[in-house]
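Report on the structure given below.
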Amino acid sequence: MTTTDTLGGARATAGPARPGDLAAALLTPEARRDPYPLYARMRREDPVHRSAQGIWYLTRHADVERALGDLRLSNDRDRMTRAYEALGGDLKEFSRLTDRLGRVMSNTDPPDHARLRKLANRAFTARRVEALRDGVQRIVDRLVDEAVAAGPSMDLIEAVASPLPMSVVCELFGIPDEDRPRVKGWFRRFGRLSEDIDTSEKAITEYEDYLAGLVRQRRRAPGNDLISALVATQAQDDRLTDSELLSTCFVLITAGDETTTHVIGNGMLALLRHPDQLARLRADPGLIRGAVDELIRYDTVTQAIVRVVAEDLEIGGRTLREGELVYLVLGATNRDPECFEDPDRLDLTRPGHRHLSFGHGPHFCLGAPLARLQAEIALGTLVRRLPRLRLAEGAEPEWRDNPLQRRLTALPLSY
């Protein structure tokens, strides 16, 4: 038996799945390499599945889409903390971190969520994102130039996919060049929450103190960055507290980093494993915009998101009780044959984009346009500039040990 991550991010002991407990199989090495056959089994045999821990798993597209808009399934920080504490053991310890993250926009329900979303929407506009296009292209070209100059191979995650969103987010929020290594270090320590909650908690404190300093600077001397725009927006709405402004900065900056990194990594791996689709993209570079959404659907970075039952409700003939945790398994919904024809096939010309990778309803990901833009430019540039790009000989992609997120530790490539 081995110790690994639960879908909640805490540590648990994993062994062979007991009969009837399909969720336990998500912790096996086989599912870490490829969870999609298990998701197909869950959809067929028990699409509203209750694990031995008492956590619900929803795997059908229709159920999850409805659940994302149902206010009886809460995203509130306080409810989440109580739900983890009720499970006891290591999951109770994880509740410290859910509480420590504070009342960020993504951890609130209406009406608070609507107020915070309004603040972010005023500053994080489509025009502001599109204005970044030329700058993102310059960053990608520089990163590819540096990788090619270093030799005939690279780790895509380290060379391009990780530094790109960090550079873009820092530009967007006006974080000085000299501070960026520190910010990246904090992000890496956040990523260790399942291994060391104390380390993650300390990193959050240091990062919040740093952001508070930036907010104070922008109040004294506004610039043309997103923190200045958020400060100006707050001045127009006195219902927003300093704590809420800081938390909004926190979630917008943090969310723009890791997810985008692995949209690029997972997308490139899928292309290299489907040479017919890669050849199609090379022959018609204009396919890239639609191709990005298909790649995001095909191998979803955020495999599941968490909700708490705020009021008893019925889904798929099962009754979910107040206070129970619910995992909405986006990775399973994006391969649901009831929604996608031949869902296990990668098709860069697939019509429509009904995937739920960025959520749905009031919590739809605010940073989705920015993630799409960066993936479009990064993948399009790599395919165009490196015609012999391929997996390094003998390389076997390795995935991080966290079923909640499907993230590569590295992606060695040759060209």
Hits in the stretch 388-412 (condition: modelled with pLDDT of 90 or more and outside any strand (DSSP E or B)): ARG388, LEU389, ALA392, GLU393, ARG406, ARG407, LEU411
Count of residues meeting criterion [part of a loop (DSSP other than H, G, I, E, B), surrounded by 13 or more Cβ atoms within 10 Å (Cβ to Cβ) and either modelled with pLDDT under 90 or not small (Gly, Ala, Ser) (or both)] in the stretch 346-363: 11
From ARG280, ARG289, ARG297, residue being of a type in the set (Lys, Arg), modelled with pLDDT of 95 or more and over 14 Å from the mean Cα position of the chain (by Cα): ARG280
Sole residue being over 16 Å from LEU164 (Cα atoms) and touching a helix residue (DSSP H, G or I) at 6+ places or on another chain (Cβ under 8 Å), chosen from ARG390, ARG400, ARG372: ARG390
Tally, over the stretch 324-345, of residues that are surrounded by fewer than 14 Cβ atoms within 10 Å (Cβ to Cβ) and more than 25 Å from ALA161 (Cβ to Cβ): 4
Considering residues of the stretch 52-67 that are touching a Leu at 6+ places or on another chain (Cβ under 8 Å) and part of a loop (DSSP other than H, G, I, E, B) only, the residue surrounded by the most Cβ atoms within 10 Å (Cβ to Cβ): ILE55
Contacts under 7 angstrom Cβ, first residue in the stretch 42-57 being touching a residue at least 24 places away in the same chain (Cβ under 8 Å), partner assigned to a loop (DSSP other than H, G, I, E, B) and of a type in the set (A, V, I, L, M), 6 or more apart: TYR57/VAL329
Of residues in the stretch 117-172 being among the small types (Gly, Ala, Ser) and touching an Asp or Glu at 6+ places or on another chain (Cβ under 8 Å), the one nearest to GLY361 (Cα to Cα): GLY135
Some residue of the stretch 68-80 being buried (at least 19 other Cβ atoms within 10 Å of the Cβ), within 24 Å of ASP299 (Cβ to Cβ) and modelled with pLDDT under 95: yes
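The values are calculated or read from the model by the stated rules, or taken from the named source; none is laboratory data. Since this is a predicted model, take the numbers as computed values, not measurements. A quick note on method: Cβ atoms are made from the backbone with ideal geometry, for glycine too, and the neighbour counts reach across all protein chains shown.
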